[in-house]
Each structure stands twice: as C-alpha cells, then as structure tokens.
C-alpha cells in the first residue's frame, strides 16, 4: 500500500470509449500511474484496492434501477466525482428513448423482453448525485482528461477551455463551412475539445462535445432554416450524442412542436 491518491474508474451505460481514452494516453500513462494508484479500473486491471477513493471517474448514463442505486454507492465512497463523456454528462445517444416509448425499443432489440429491467429514461449522472466536474465529449479528449486528473491531484480547477468549436476553427485557419459553403454546422453552439476536426475535413460539426458555455440556440436555428434545413432535420441534428443536454433538449423540443 502507498500513500498516493486512489483513482477509481466506473462504468455505467456506455460504450467504454471514454475509459479507453485514459488507456490511450500511452507515453503519459506511466506518469499517471506513478502519481496515483489505479485502485479500481476493471477495463485495465483485475486488481482492486478498497475505497474510499480520492477521485472517481464515471463513464455512462443511468438507464436501469440498478444504475440508479449503484451511482449513490459510488458517490458514497468517493471524495471527488468527475463524469466523463456524453453519456455521463448528457445521457448519451441512448437518451433517444426519452422521447419515445422504451418498450417499443426493447421489443425490437431483445428476443426475451421480459428479462429487461430498464428505466423510462436515460439520464446524466448529475441528475442523481452531486458531481465535482463534468468533462464533455464523445469520446473525451485524452489531454483534457489528463488535465482534469492533474488538477484534482494539485487541488485546483481544471484548465479546460469553455469556448465553442468556432474559435478552434479560427485558431487552425479553417474557413467557416456554414458561412462560406452554406453547410449546416453545430460549431457555434458546441463546446470545444476535438480541435474542430470535422470542419477541417469539410464537414459540419456534429456536436460531439455538447453545448458550449454560452449558446444562442435560436440564432443557430434561424441560420439553419435560412439554409433550407427542415425543422425535423434540425431536431434530429440536436438529438445525437448530447441530445438530452438541457440546451440541446429544449431547442429540439421547440422545433419539434
């Protein structure tokens, strides 16, 4: 046993992609494990050190009664909880069921629906417990994750930019695809983190990192309508990885009705 801080990584309803972002740190991973103990991380090791844990990273949304109970157990053994990724911070793509009858999905996907015990909604972790920080992305940016872990080790606020994807387009010299080409893009309302990847390859932003700190959804909707985008298509664009984030959810419901 050491006196190093203990890190736990928990999985709820998700694809594991955000956990893999930590393992994808490669050169930096040795520095991470040198500064902390990976006390609980089933994706990386079978070894387990009992809590309490100094920092818990939580991936995934709450979609079952078991999830709803288990997340309170995680909070109880964690000094700090950081949610990572779109599922944990906004309900994930599985939150599409929040606008539909979940029984319809279950009957289509599963051969024996009677065995499925699912909540009517898929919700972010913050709907159930207090969280200390939310790191957005689908998947998260590994360098942002390293910054968050370092910040908690150093007892400071993580230095994560809160600007929109548009700023990153300007920083890398990418011409605006919406202004220049009339291409629908969610960049003006999307949190930075990907390095403005899609516009750099002549595609509109898909909103993978969720809503930016301050957004004007009505202005974006007006732009898209001027470009000839139908309201139904605008709703579908907002209801993807981060569809249940309040800003995207409320806007999508406006254009749905």
I need the peptides 54-64, 230-240 ranked by packing, meaning the mean over residues of other C-beta atoms within 10 angstrom, with the highest value on top.
54-64, 230-240
Residue order, fewest to most surrounding Cβ atoms within 10 angstrom, among 11, 170, 6, 155:
155, 170, 11, 6
For the residue 236, residue 3 Cβ pair and Förster radius 51 Å, calculated FRET efficiency rounded to 0.05 is 0.50
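Given a Förster radius of 22 Å and the C-beta distance between residue 227 and residue 161 as r, what FRET efficiency does 1/(1 + (r/R0)^6) yield to the nearest 0.05?
Working: r = 27 Å, r/R0 = 1.25.
Calculated value: 0.20.
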Quick one: order 46, 136 by neighbouring beta-carbon count within 10 Å, fewest to most.
46, 136
Cα coordinate range in segment 25-76, projected on the principal axes (Å, largest first):
38, 21, 18
I'd like the distance separating the alpha-carbon centroids of segment 107-158 and segment 207-243, in whole Å.
22 Å
For segment 136-217, treating each Cα as an identical point scatterer without solvent, what Debye log10 I(q)/I(0) comes out at q = 0.15 1/Å?
-0.53
Calculate, in whole percent, how much of the Cα-Cα pair population of segment 165-256 lies beyond 21 Å.
23 percent
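What ranking of 14, 107, 122 emerges when the number of other C-beta atoms within 10 Å of each C-beta is taken as an exposure proxy, fewest first? Show your work: numbers first, answer last.
Working: 14 23, 107 12, 122 27.
By the 10 Å Cβ count, ascending, the order reads 107, 14, 122.
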Mean 1/r over distinct Cα pairs of segment 6-153, inverted to a Kirkwood Rh in Å, yields 15.9 Å
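Expressed as a whole percent, how much of the Cα-Cα distance distribution for the chain exceeds 32 Å?
Working: 8966 of 32896 pairs.
That tail contains 27 percent of the Cα-Cα pairs.
Every number here is computed from the coordinates shown, using simple stated rules; none is lab data. Being a predicted model, the structure only gives us computed values, none of them experimental. Neighbour counts are summed over all protein chains in view; Cβ atoms, including those assigned to glycine, are modelled from backbone coordinates with ideal geometry.
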